[in-house]
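Reviewing the structure listed below.
Each value in this text was obtained by applying a stated rule to the coordinates, not by laboratory testing. On a predicted model such as this, the values are computed, not experimentally measured, just so you know. Because the Cβ atoms are built from the backbone with ideal geometry, glycine has one as well, and the counts that use them run over all protein chains shown.
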Amino acid sequence: MIIDFQHEQGAHCESATTTNLLIHQGLKITEPLVFGISAGLFFSYIPLVKLQFAPLFSYRSMPGKIFSRANKNLGVTMKVEKFKNPVDSMSALDVQMVKGNPVGLQVGVYHLPYWPPEYKQHYNMHNMVIYGKEGNEYLVSDTVLPEVQRITYDGLMKVRYPKGPFSPSGKMYYPVDVPKNIDMNAAILKGLKKNIYEMTEIPMWFIGTKGIRYLSKKLATWPEKHGEKTANYYLGQLLRMQELAGSGGAGHRFIYAVFMAQAGEKLNNPKLVDLSKEMADIAKLWRHFSILGAKNCKYRGGVETSFVELSKILGVLADREHDLFKRMKKVI
């Protein structure tokens, strides 16, 4: 059982997996459009919640939101299933293979046999597509990698039921109804408006540009408050979430810049295209911040890598993102 499915490598697992499933159904759409229509850009800094013994940082919407919002705004109906029994989850997957339906899965990455050792981490919110089965092996379209992969029955069951936070419980999903006539412009506008709201208008100090600004103030105090070792660990976690988790903070902003450009062309809105260039510049500044921060963690560099100077860059980023989204609200 091999489904005629086109594997395409992507920038981020959830948006790319969603995109490939929709393209398989005949919808002409790009990964940046899926990411933007879902209002995937985000920021949160929640110091009271710990992940790997460090504060929780997020540069994108919660896992699953890209998938659910994109389909909702596009009018696509997806079937989402979870299973208490692992054997039942594999049987349900096999049924869809017989029907010729590629299936999206949420899995843990640590035990994926084909992942390079440097990629392995205890992360249970990865997404990929299963599009066939030969004997005891399943064919995998994992958008992180350029080539298709294979995984055994037991291996796949193991990654569908990993231990730890956000265990997927065999979660699988696939399209059941993709409208032939989708109002892409309306979906784009919904995504833009939602992202503007979430980045600038949610009245919580740890969300959106408020969260970036709050982090910029707190970052400078970390060495004195927590000690140098813990401060460096927190900074390292911030950078890991920015550069290594999915496509990371700067990576998500590069995707969003492409979305803004593509949205501007579809909406015939040159002002939005111009703003996309500013978002790309903001993404570059985020990457510059990560380079300086990495030097700090390795005790390299000078004054420019200090916590005080890094906090100043975050302050600039908060101001620039806030200003961009406010101007975007006026032109759409």
So how far apart, in nm, are the two label points at Asp281 and Glu265 if each is 7 Å from Cα heading toward Cβ? 2.2 nm
Derived scalar couplings ³J(HN,Hα) [region 226-238; Karplus, 6.51 cos²θ - 1.76 cosθ + 1.60; whole Hz; x for Gly, Pro]: 10, x, 4, 5, 5, 4, 5, 5, 4, 5, x, 5, 4
In the structure shown, do any of Lys65/Lys330; Lys28/Lys330; Lys210/Lys298; Lys193/Lys217; Lys72/Lys190 have a Cα-Cα gap over 19 Å, and if so which? Lys65/Lys330; Lys28/Lys330; Lys210/Lys298; Lys193/Lys217
Counting all C-alpha pairs of region 220-315, share separated by more than 15 Å (%): 64 percent
Applying the Karplus parametrisation 6.51 cos²θ - 1.76 cosθ + 1.60 with θ = phi - 60° to the phi angles of region 73-82, what ³J(HN,Hα) value in whole Hz is obtained for each residue in order, glycine and proline being reported as x? 5, 8, x, 8, 9, 10, 8, 10, 10, 10
Check cross-link reach from Lys284 to the lysines: straight Cα distance under 19 Å, and skip same-chain residues fewer than eight apart. Lys295, Lys312
Treating only the Cβ of Lys, Arg, Asp and Glu as charged (+1, +1, -1, -1), what charge dipole size does region 78-132 show about its Cα centre? Round to the nearest 20 debye. 120 debye
Starting from 0.36 nm per residue, how many nanometres of slack lie between Met204 and Asp94 once their C-alpha separation is accounted for? 35.1 nm
Could you tell me the center-to-center distance, by alpha carbons, between region 41-104 and region 186-216 in angstrom? 21 Å
Between Met1 and Gln25, what length in nm is gained on full extension when 0.36 nm per residue of separation is reduced by their alpha carbon distance? 6.8 nm
Sorted by Cβ neighbour density within 10 Å, fewest at the top, the residues Glu321, Glu278, Glu147, Glu8: Glu147, Glu8, Glu278, Glu321
Extension gain from Asp323 to Ser167, taking 0.36 nm per residue of separation minus the Cα-Cα distance: 52.4 nm
Residue among Ala220, Ala250, Ala280 with the largest mean-square fluctuation in a Gaussian network model of the chain, springs linking Cα atoms under 10 Å: Ala220
Dipole magnitude (debye, nearest 20) for region 184-331, charges at Cβ of Lys, Arg, Asp, Glu: 200 debye
If you line up the Cα atoms of the chain on their principal axes, what length do they span on each, largest first, in Å? 60, 48, 32
Normalising by the residue count of the chain, find the relative contact order in percent from Cα pairs under 8 Å and 6+ residues apart. 21 percent
Which FRET efficiency value, to the nearest 0.05, is calculated for Tyr114 and Asp183 with the Förster distance at 41 angstrom and r the Cβ-Cβ distance? 0.55
In which sequence would Lys72, Lys133, Lys180, Lys120 go, from the one with the fewest C-beta neighbours within 10 Å to the one with the most? Lys180, Lys120, Lys72, Lys133
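Summing -39500 (n - 2.57) over the DSSP H runs of n ≥ 4 in the chain and dividing by its residue number, what mean residue ellipticity at 222 nm do you reach, to the nearest 500 deg cm²/dmol? Mind showing how you got there, number by number?
Working: 12 runs with 173 residues, N = 332.
Taken over the chain, the calculation gives -17000 deg cm²/dmol.
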Here, Glu81 and Lys225, labelled 7 Å along Cα→Cβ, have an inter-label distance in nm of 4.7 nm
Taking the Cβ of each residue in Trp286, Trp205 as the centre, tally the other Cβ atoms inside 10 Å and list the residues starting with the fewest. Trp205, Trp286
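Taking 8 Å as the Cα distance limit and 6 or more residues as the minimum spacing, I'd like the relative contact order of region 184-331 as a percentage.
32 percent
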Which value, in debye to the nearest 20, gives the size of the charge dipole of the chain about its Cα centre, when Lys and Arg are +1 and Asp and Glu are -1 at the Cβ? 1000 debye
For Phe43, what residues show an amide H to amide H distance below 5 Å, using hydrogens built from the backbone and excluding near sequence neighbours? Gly208
What are the ³J(HN,Hα) values, in whole Hz, obtained from phi via the Karplus relation 6.51 cos²θ - 1.76 cosθ + 1.60 with θ = phi - 60°, for each residue of region 197-210 in sequence order, with x given for Gly and Pro? 4, 5, 8, 10, 10, 5, x, 10, 5, 9, 10, x, 5, 5
Using alpha carbon centroids, what distance separates region 142-183 and region 6-39, in Å? 14 Å
